Amino acid sequence: MTATCAPGVDRVKGYCGLCIARCGTIATVADGRFIRLDPDPTHPTGAAICAKGRAAPELVYHGDRLTRPLRRTRPKGDPDPGWEEISWDAALDQIAAAMRRTAAQYGPEAVAFSQSSPSTTAIADSGPFVRRLMNAFGTPNMVWPLDLCGWGRGFATRYVFGVGSVATGSAGGAMADIAETGCLILWGYNPSFSRITHATAAVAGLKRGMKLVVIDPRNVGLANKADVWLRVRPGTDGALALGLANIMIQRGWYDQEFMRTWSNGPLLVRSDTNRLLKAEDVFPGTDSGSFVAWDTRSKFVVRYDPALGKYDPPAGHPALQGQYAVETTDGTVNCRPVFDLYAGLCRQHSPEAIARMCWISPEQLTEAARTIWESRPVSYYAWSGHEHHANTTETARAIAMLYALTGSFDAPGGNVLLPSVPTAPITGEDLAPRLAPTIGCAERPLGPARWNNVSTLDFYRAALEGDPYPVRTLIGFGANLLLAQADPVRGRAAISSLDFYAHADLFMNPTAALADIVLPVASCFEREALKVGFEISETAQSHVQLRPKIVPPPGEARPDTDVIFDLAARLGLAEQFWNGDVDAAYCEQLAPSGVSLAQLRAEPAGLRRPLTTTYLKYRTLDDHGNERGFPTPTRKVEFWSEIFADHGYSALPDIVEPSVSANPRLAPADSFPLVLTCAKPSLFCQSQHRSLPSLRRHALHAEIELHPTAAAARKVRDGDWVEVRTLNGAMRAKARFNDTLDQRVVVGQHGWWQGCKELGIADSDPADPNGSNFNLTVDAAMRDPISGTPSHRFNMCEVRPVEREAQAG
């Protein structure tokens, strides 16, 4: 609600949109000026807010905010863009004309859209409408960091469970039931920095006796409260998952009934072809699409029909291990169950092998496995720490399979598929057929391109080389590609080569500076936004809220959503955008919910539409009386993926040790002996907010963390400026000692470019090797073969002190 607590003072309930946490808030407005943001304890995500949220008034009134549309008047190679203020009509007319011109010459696919991550910016307010405009215009190309943020947890695990094993907001998925879980695993995830609602829930869980396992190279956040902290070597998370699974299988610490009934572990794999044995090869005349398992009670094969999710005849006790000779139409074929092959893969990751590769002792490994098994039900978050690697897809699958061993998926206290308030889709997937494939689809058909998402590096290739076809225009909503992605030098060349680039943002940044048109947008505190469900719990999911505008935006800045609707009209797409009526769009979206827009405006704190969680939904019956199973090709949790095999990948997770570089011969280990990884700083949202003095004074410069012993060997003192160099490039930062790190690991921070005038700190060039852009050190050639994810968190490096006189300067 909005309440007046004193003359001229209003308190406005809403939620902070700066990151995925969407913390419930109360804004204080005095005499029309936004002066304070506090948590709203009555909101399902309002237990606390972070420093970034508390700095919201500073963000709103910052003097560097963009306030009018700008047009470039000088060539892109000129250090002075010659920005000229223009009207909104002129800006949008020029953007629409460029889009039409490109589509006429090359096809609509030559126009790409980009947007920032909804996990770390406020783009979630308008992201569905950006996607709708992309679809309505007819291009399949959305450039955004799915390959870095959300792919592993939200998409790669769909190949195991059929859904994301961890909820990622817009991508959906399962959410850890922290309030009921017996053991919470935080894998590459520090909610104390990233999502306070999860941190406070985890602390409450610890107080009631919940066990906590933290897997992270750093001892940060809740790691110091963990029952087990595994200091994993960066880039080896997949091997660790298989090593933990090995112990659990060897000791019988897994849910064998769940494996027999709800995984495809019993299905037989032919030794001659290394593919699933098909029922038609054993039972002539059987319809194609069925498979075979071995029943230990009848001592004979049984057919499994994925369409029904049933064995025929019903299997009394499907075998999980062993080797079986099966008579087929081709003769006798030796076969093994999928689970047996998985167990064999896990055996290759013995405690001794894990100690060598992952730097975790056998004792710690066993302690973690025992804690997981004995403290069920188990829930987990596997977040960006395991995703920013060139093996992220197989790592995510391996972690998901480890979790499946517990039998906790969608069970009380496990990772639960929460219900949601019904809404109508607004992303416009059905608006226009696309004739061109998404960029990157040919190389990685199972990766982000499958969902019309383009890896930035693939976009650069299309812009510079026309491969697989030219991209000549980019329409960007907040994506600071030069700071968020690998290879900023190539990125600058690619964006500069475009015929046209328009960028919408709050501030000018290095990527926006390459645009032809820059549009000023309203912050999340200066516009309305609709949110249906807050993901973290059943109660939170039932919450529907139209966040009110706290204060007007500065100058002529406008909400992204308004910009999208007006641009659509100029492109002749007004009818697909409710003829420019944003309220009509919200009404259509809300129609199935039974909640009206008028009700939400009358209740700014939001309304609840009670929901009831049904657990173990895979056991419920479909319209034909069959158990639903999982939304996978076999209706089972898939340890073996025929989809992967069909596309030339390993059907089981193919975990390889991270290499020194894409070409190890070019990077001898003695030249780059340290593992360089990175982590999110607590005060900033990726590349944003460093211009806010209240935040910046607590983190004046980019830092790298290293162990004092490693520093001493390099004559580096705490607080020294150092150069961090990899085979790919170099950056500079201040050294900070951390004696909890492994001596072989260095931890950097990405996103540094922005200055802070109030503190006398200037902006820096993201392509300057003497600057602090971490992404200059990333080997962009080391990419996940399935998702295209670059290895942001594993590169080999060396650290040396910068000359003292240079430091003084």
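The values are calculated or read from the model by the stated rules, or taken from the named source; none is laboratory data. For clarity, every value in this text was computed on a predicted model and none was experimentally measured. Quick reminder, even Gly has a Cβ in these numbers, built from the backbone with ideal geometry, and neighbours come from all protein chains shown. Ligands, DNA and RNA are excluded from the accessible area calculation, which covers all protein heavy atoms including side chains. Shrake-Rupley method; radii C 1.70, N 1.55, O 1.52, S 1.80 Å.
Take THR511 and decide whether it is within 28 Å of the chain's Cα centre (by Cα), among the β-branched types (Val, Ile, Thr) and surrounded by fewer than 18 Cβ atoms within 10 Å (Cβ to Cβ).
So THR511 fails the test.
Every condition in (1) in a helix (DSSP H, G or I); (2) out of contact with any strand residue (DSSP E or B) (no Cβ under 8 Å at 6 or more places or on another chain) holds for PRO468 except the one numbered (1).
Looking across SER298, SER375, one residue alone is more than 21 Å from PRO266 (Cβ to Cβ) and hydroxyl-bearing (Ser, Thr, Tyr). It is SER375.
Selection over region 118-157 of residues that are open to solvent by less than 10 Å² (accessible area, probe 1.4 Å), assigned to a loop (DSSP other than H, G, I, E, B) and polar (S, T, N, Q) gives a count of 4. Is it the case that region 563-584 has a residue that's over 20 Å from MET99 (Cβ atoms), small (Gly, Ala, Ser) and surrounded by 18 or more Cβ atoms within 10 Å (Cβ to Cβ)? Within region 563-584, none of the residues are over 20 Å from MET99 (Cβ atoms), small (Gly, Ala, Ser) and surrounded by 18 or more Cβ atoms within 10 Å (Cβ to Cβ). Residue count for region 234-277 satisfying the condition of being open to solvent by 40 Å² or more (accessible area, probe 1.4 Å) and among the small types (Gly, Ala, Ser): 1.
Against the definition (of a type outside the set (Ser, Thr, Tyr), open to solvent by 50 Å² or more (accessible area, probe 1.4 Å) and over 21 Å from the mean Cα position of the chain (by Cα)), how does GLU723 come out, yes or no? Spelling it out, it is not the case that GLU723 is of a type outside the set (Ser, Thr, Tyr), open to solvent by 50 Å² or more (accessible area, probe 1.4 Å) and over 21 Å from the mean Cα position of the chain (by Cα). For region 81-100, a residue qualifies if it is open to solvent by 70 Å² or more (accessible area, probe 1.4 Å), out of contact with any Leu (no Cβ under 8 Å at 6 or more places or on another chain) and either free of Cβ contacts under 8 Å to residues at least 60 places away in the same chain or among the hydroxyl-bearing types (Ser, Thr, Tyr) (or both), and exactly one does: ASP89.
Taken over region 508-565, the criterion of being among the polar types (S, T, N, Q) and under 30 Å from ALA176 (Cα atoms) is satisfied by SER537, THR539, GLN541, SER542, GLN545. Screening ASP458 with (1) part of a helix (DSSP H, G or I); (2) open to solvent by 10 Å² or more (accessible area, probe 1.4 Å) gives one miss only, at (2). One residue stands out in region 278-297 among those that are open to solvent by 40 Å² or more (accessible area, probe 1.4 Å) and closer than 18 Å to ILE643 by Cβ: the one that is nearest to the chain's Cα centre (by Cα), namely GLY289.
Pairing residues of region 417-431 that are in contact (Cβ under 8 Å) with a residue 24 or more places away in the chain with residues that are polar (S, T, N, Q) and open to solvent by 60 Å² or more (accessible area, probe 1.4 Å), at Cβ distances under 7 Å and at least 6 apart in sequence or on separate chains, gives PRO419/THR612. Of the residues in region 23-51, how many are touching a residue at least 40 places away in the same chain (Cβ under 8 Å) and open to solvent by 20 Å² or more (accessible area, probe 1.4 Å)? Here the count works out to 8.
Yes or no, residue by residue, for (1) in contact with a Pro (Cβ under 6 Å, 6 or more places away or on another chain); (2) part of a loop (DSSP other than H, G, I, E, B); (3) under 21 Å from ALA110 (Cβ atoms):
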| residue | (1), (2), (3) |
| --- | --- |
| TYR403 | no, no, no |
| GLY407 | no, yes, no |
| ASP410 | no, yes, no |
| PRO419 | no, yes, no |
| GLY428 | no, yes, yes |
| ALA432 | no, yes, yes |
| GLY440 | no, yes, yes |
| GLU443 | no, yes, yes |
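The number of residues in region 495-519 that are of a type in the set (Val, Ile, Thr) and more than 18 Å from LEU483 (Cβ to Cβ) comes to 1. Residue pairs whose Cβ atoms lie under 9 Å apart, sitting 6 or more positions apart in sequence or on different chains, and linking a residue in region 127-142 that is closer than 16 Å to GLY580 by Cβ and among the basic types (Lys, Arg) to a partner that is part of a helix (DSSP H, G or I) and open to solvent by 10 Å² or more (accessible area, probe 1.4 Å), are ARG132/GLN576. Right, PRO422: surrounded by fewer than 24 Cβ atoms within 10 Å (Cβ to Cβ), within 26 Å of LYS531 (Cα to Cα) and at pLDDT 95 or above or not? It is true that PRO422 is surrounded by fewer than 24 Cβ atoms within 10 Å (Cβ to Cβ), within 26 Å of LYS531 (Cα to Cα) and at pLDDT 95 or above. Of the set (1) more than 30 Å from ASP93 (Cα to Cα); (2) open to solvent by less than 10 Å² (accessible area, probe 1.4 Å), all apply to VAL60 but (1). Among residues of region 599-623 that are free of Cβ contacts under 8 Å to residues at least 40 places away in the same chain, those with a beta-carbon under 9 Å from a residue that is surrounded by 16 or more Cβ atoms within 10 Å (Cβ to Cβ) and part of a helix (DSSP H, G or I) at least six positions away or on a different chain give the pairs ARG619/TRP262.
The residue list PHE155, PHE129, PHE137, PHE113 contains one member that is within 18 Å of the chain's Cα centre (by Cα), within 24 Å of PRO425 (Cα to Cα) and of a type in the set (Phe, Trp, Tyr), which is PHE155.
Before we move on, is VAL745 over 24 Å from LEU230 (Cβ atoms) and touching a strand residue (DSSP E or B) at 6+ places or on another chain (Cβ under 8 Å)? No: the conditions fail for VAL745. Residue check: is VAL660 of a type in the set (Val, Ile, Thr), at pLDDT below 95 and either closer than 30 Å to LYS734 by Cβ or outside any loop (DSSP other than H, G, I, E, B) (or both)? So VAL660 passes the test. When region 534-548 is limited to residues that are in contact with a Pro (Cβ under 9 Å, 6 or more places away or on another chain) and assigned to a loop (DSSP other than H, G, I, E, B), the one that is surrounded by the most Cβ atoms within 10 Å (Cβ to Cβ) turns out to be PHE534.
Note on region 480-504: residues that are under 23 Å from ARG100 (Cα atoms) and in contact (Cβ under 8 Å) with a residue 60 or more places away in the chain amount to 4.
Inside region 748-789, can you point out the residues that are out of contact with any strand residue (DSSP E or B) (no Cβ under 7 Å at 6 or more places or on another chain), closer than 16 Å to ARG725 by Cβ and touching a residue at least 60 places away in the same chain (Cβ under 8 Å)? Quick ask: steps written out before the conclusion?
So the first thing to find is which residues in region 748-789 are out of contact with any strand residue (DSSP E or B) (no Cβ under 7 Å at 6 or more places or on another chain), and the list is 751-754, 756-768, 775, 781, 784-788.
Checking the rest, the ones that are also closer than 16 Å to ARG725 by Cβ come to 767-768, 775.
Correct list: ALA767, ASN775.
Condition first: under 26 Å from HIS388 (Cα atoms) and either touching a Pro at 6+ places or on another chain (Cβ under 8 Å) or open to solvent by less than 20 Å² (accessible area, probe 1.4 Å) (or both). Now tell me which residues in region 746-762 satisfy that.
Within region 746-762, the first condition is being under 26 Å from HIS388 (Cα atoms), and the residues that meet it are 746-754.
VAL746, VAL747, GLY748, GLN749, GLY751, TRP752, TRP753, GLN754, listed by residue number.
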